[in-house]
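Below is one structure, written out as structure tokens, with a few remarks after it.
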Amino acid sequence: MPNENKLIVRSNIIVLVIVAVIGMMLFFVNDPYGLKLILLLACIIWAKPFAFLNRTGIDRIVFLLWVYDIILCFTSINTFASVRVVRNSTTLYFAYLLLRQVMEYPKSVRLLKQSICIVMGVALLLSLLSFFIFRRSVLDAGFEDTYSFRFLFLPLGHNTNEWTTVLLGFAGLSLVLHRSGNTGVRWLTYVLLTLSWVATWLSFSRGAFMASGILILLLLGVLQPIKEKLKLLVVVLLSVGTVSLFCSKEVMTTLSMNKTASQRQSTQGRMNATCSALNVFPLHLWFGAGTGNYTLAMDKELNQDTTQAYTTFAPNWVVQMLIEKGVIGLGLSVWLLACIVVQLWKARRNKVCVIAGCALWALALKEMTLSTLLSAPISVLLACVLLVYIQQRDELSLRWEDASGKNRINYAAMVVCCLCSAAIECFIIRHLVNTEQNEKAVFCLQKGEYEEAGRLLEGAGKTVPGLINEGIMYMNRFKDTSREEYLQQAGELLSEAQRRQPEDVHIGYLLAELDLLGGKDKQVLAALQELAGCYPRNVLYRYKLYRLLYSQGQQVEAKEHLKEAVLLSPRILGMEDVRMLEKTDSCFYHSLVGELLLHHPQDTDMPSDFARYGFITYFLGRTDEAEYWLSQAVAEMPNLSIPWCLLGKIRRERGENEEAERYFRKYKLLTLGAFSGSKGLTDKALKLTFLQEKDLFQSYGMKFREWYGYPLITLQ
């Protein structure tokens, strides 16, 4: 009995650690040094789960998926991104092992259920409260409903797409805990289920609606007796009725699936991403580009259009698996699904297992509409809990298996876990140190302290992002000093970066900038023409090609590229060199303006095209025409911010101040967010900001930070 009590105490402590990890992931607790991984590793060493597991096919394939993620770090096109994901994978795998262990103890299972219910309840209440604040802000701004502004709603810091995956996990767990819990827990789980579905319907996500509908149909088929089916129907009708009563417009818009311009644009974007993936995945057929490298691998095919919103999500989990993990990774994932089917068939009389299986299949279906599961570790952890439940035995036992014959396996497994965790933490900590040095170098460069910045960048190591930043630093130094050795050093660094990271097309642009500094106009022209030819909707390449051609006297070609650049990003009209054309080369400028005004949007164009043309006409003083196109844009896509500002300015210029303020309130919501309170917009904030040449390169800074984890040094 004393030994059993010790085991129960140990298991209860492990439960509390797991719940703490769930809470840290759910509430986005900053964890740069991997406290979650360290805590779970300590529990692994203490509990020795490898000695007792009655391994199933699911256990084996989960282990293989973890090992495969580690292997991909050595084949990845970008090691940092893969190691960052492997840290999460290792944390999740350790949590899975510990969950498999604690499920053997009835008292620990009870504590796990109660703790998860508390965490879920707090999260759901906070998210619903934040939704009411969000909705009130949108309606107070003068909009009729919230559907087009869901991107402003960030419950607990999660974006809407990730949050709906979490909610689906909450719904599945609520059902599982209800079926397997005692009377004291069951009433609470139905409350949580109701709140989960209310929050799901309030997300107005088409994928979440479909996945939840499938889950409800599956549950109606498997729940017994009929009393349980009726309870489920009551919860569904209560949640749907409540949401439909207060948000009927949003619900109908969601159910229409493809009614609004934003819905059609989203659907088309996912189709385009899927088609683009077919061109990319053969480049890394078997092992993929490495975990966490979807956006880097797809950048050339998908993210070189200035007019399209940048997204980190794959259109579905199959595409993400093929791009990041290749055919082998997809095969392992399909194998896991097959093991789940086999396990569900074996446990078909265990309703808890079947309900957990239904929730997992609903998650898999939602991932076919947009892949968010792998982007949110909390969602994977909730799926792991469900995965553990489908392997739960009918009778829990307090007796632990005799591990005396498994000591060697157990200790070997402990050593492997410790070594992997230590290697991951050392890599991440070294990267954090390098990132800090890069940030200090950026600060030094802003003050003109090139020597100190160079020393810091040298100490950060010769990684790809380090090479790029150091190369940009030497380019900036050359501009200040005109010393040729800086040009040569920059060329060597950037060439090495391009050799090691050919997927990053922006390095090629930097090399073209370098050749321009060196006076190699022919090479620069060829490079920019190649970039603009491959990526004709990238405003940076169009604008730089215009500058070069204009300087060489090729005005016809230059005007064509400048026109395309303005159509892609109208704020270019406010750039100093473009505005000066009206004085220095009025013939060229007026010819450009004439061609721009002839470029009327077509009825089949997107609202964003209307908005860009409206901006052009407003800038050129044709306010009546601008008002028409801007009004057309916001009528179809009211979440466009700049048109509201321009419409407000037009009204203010006419003396219609009350109407102008109404437009400015909408602009404020879209720029400051739904939780900005009573904070107002100053005249300075309403002043349109125009681009500088260096601003065109800043979109790369966002990608650079995501891919490599470093800040990008500004190219002067």
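Some notes on this structure:
- Candidate set: the range 270-291, residues that are farther than 13 Å from V327 by Cβ and in a loop (DSSP other than H, G, I, E, B); chosen: the one farthest from the chain's Cα centre (by Cα): G290
- Taking every residue in the range 431-449 that is farther than 17 Å from L467 by Cα and without any contact (Cβ under 8 Å) to a residue 40 or more places away in the chain and pairing it with any residue that is part of a helix (DSSP H, G or I) and of a type in the set (S, T, N, Q), at least 6 positions away or on another chain, yields no pair with a Cβ-Cβ distance below 8 Å.
- Against the numbered list (1) under 30 Å from the mean Cα position of the chain (by Cα); (2) more than 30 Å from D31 (Cα to Cα), L432 comes up short only at (2).
- Test result for W335, under 29 Å from L215 (Cβ atoms), buried (at least 20 other Cβ atoms within 10 Å of the Cβ), not small (G, A, S) and not assigned by TED's automatic domain parsing to the domain that holds R612: no
- Test set (1) assigned by TED's automatic domain parsing to the domain that holds C645; (2) at negative phi - G621 fails condition number: (2)
- Evaluated against (1) surrounded by fewer than 18 Cβ atoms within 10 Å (Cβ to Cβ); (2) within 28 Å of R10 (Cα to Cα); (3) not aromatic (F, W, Y), T75 falls short on exactly one condition, (2).
Let's see how each residue does on (1) in a helix (DSSP H, G or I); (2) touching a Pro at 6+ places or on another chain (Cβ under 9 Å):
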residue: Y550; (1), (2): yes, no
residue: V578; (1), (2): yes, no
residue: T604; (1), (2): no, no
residue: R612; (1), (2): yes, yes
residue: F615; (1), (2): yes, yes
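- Filtering the range 418-429 to residues that are surrounded by 13 or more Cβ atoms within 10 Å (Cβ to Cβ) and under 29 Å from the mean Cα position of the chain (by Cα) leaves C420, S421, A423, I424, E425, F427, I428, I429.
- Every condition in (1) in contact with a helix residue (DSSP H, G or I) (Cβ under 9 Å, 6 or more places away or on another chain); (2) assigned by TED's automatic domain parsing to the domain that holds E162 holds for L285 except the one numbered (2).
- The set of residues in the range 166-215 being of a type in the set (K, R) and within 26 Å of the chain's Cα centre (by Cα) consists of R206 alone.
- Residue count for the range 240-269, restricted to those that are assigned to a loop (DSSP other than H, G, I, E, B) and either closer than 30 Å to I71 by Cβ or modelled with pLDDT of 90 or more (or both): 1.
- Qualifying residue in the range 315-328 (condition: of a type in the set (S, T, N, Q), part of a helix (DSSP H, G or I), buried (at least 22 other Cβ atoms within 10 Å of the Cβ) and in contact with a strand residue (DSSP E or B) (Cβ under 7 Å, 6 or more places away or on another chain)): yes
- Take the conditions (1) within 29 Å of Q114 (Cβ to Cβ); (2) of a type in the set (F, W, Y); (3) modelled with pLDDT of 90 or more; W400 misses just one of them, which is (3).
- Among the residues here, I116 does not qualify as modelled with pLDDT under 95 and farther than 24 Å from S180 by Cα.
- Selected residue (only one of V67, V83 is over 22 Å from T463 (Cα atoms) and either in a helix (DSSP H, G or I) or in contact with a Gly (Cβ under 6 Å, 6 or more places away or on another chain) (or both)): V67
- Checking each residue of the range 154-170 against the condition of being farther than 22 Å from L381 by Cβ, modelled with pLDDT under 95 and charged (D, E, K, R) gives no match.
- Evaluating I226 against the criteria (1) under 26 Å from W361 (Cα atoms); (2) surrounded by 14 or more Cβ atoms within 10 Å (Cβ to Cβ) leaves one unmet condition, (2).
- Long-range neighbours under 7 Å by Cβ, at least six apart or interchain, first residue under 15 Å from L597 (Cα atoms) within the range 546-575, second surrounded by fewer than 18 Cβ atoms within 10 Å (Cβ to Cβ) and of a type in the set (D, E): K563/E595
- Residues of the range 349-373 that are surrounded by 22 or more Cβ atoms within 10 Å (Cβ to Cβ) and out of contact with any helix residue (DSSP H, G or I) (no Cβ under 6 Å at 6 or more places or on another chain): C353 alone.
- Residue within the range 144-163 that is in contact (Cβ under 8 Å) with a residue 40 or more places away in the chain, more than 24 Å from the chain's Cα centre (by Cα) and surrounded by fewer than 21 Cβ atoms within 10 Å (Cβ to Cβ) present: yes
- Selection status of T311, crowded, with 21+ Cβ neighbours inside 10 Å and assigned to a loop (DSSP other than H, G, I, E, B): no
- Among the residues of the range 282-294, those that are buried (at least 21 other Cβ atoms within 10 Å of the Cβ) and in contact (Cβ under 8 Å) with a residue 40 or more places away in the chain comprise H284, G288, A289, G290, T291, G292, N293.
- In the range 583-633, residue modelled with the lowest pLDDT [restricted to those that are among the β-branched types (V, I, T) and loosely packed, with under 13 Cβ neighbours inside 10 Å]: T604
- Selection within the range 496-531: residues that are part of a loop (DSSP other than H, G, I, E, B) and within 30 Å of the chain's Cα centre (by Cα). The member of this set that is surrounded by the most Cβ atoms within 10 Å (Cβ to Cβ) is D504.
The values are calculated or read from the model by the stated rules, or taken from the named source; none is laboratory data. Bear in mind that the values here come from a model prediction, so they are computed numbers and not experimental data. Neighbour counts run over all protein chains shown; Cβ positions are idealised from the backbone, glycine included.
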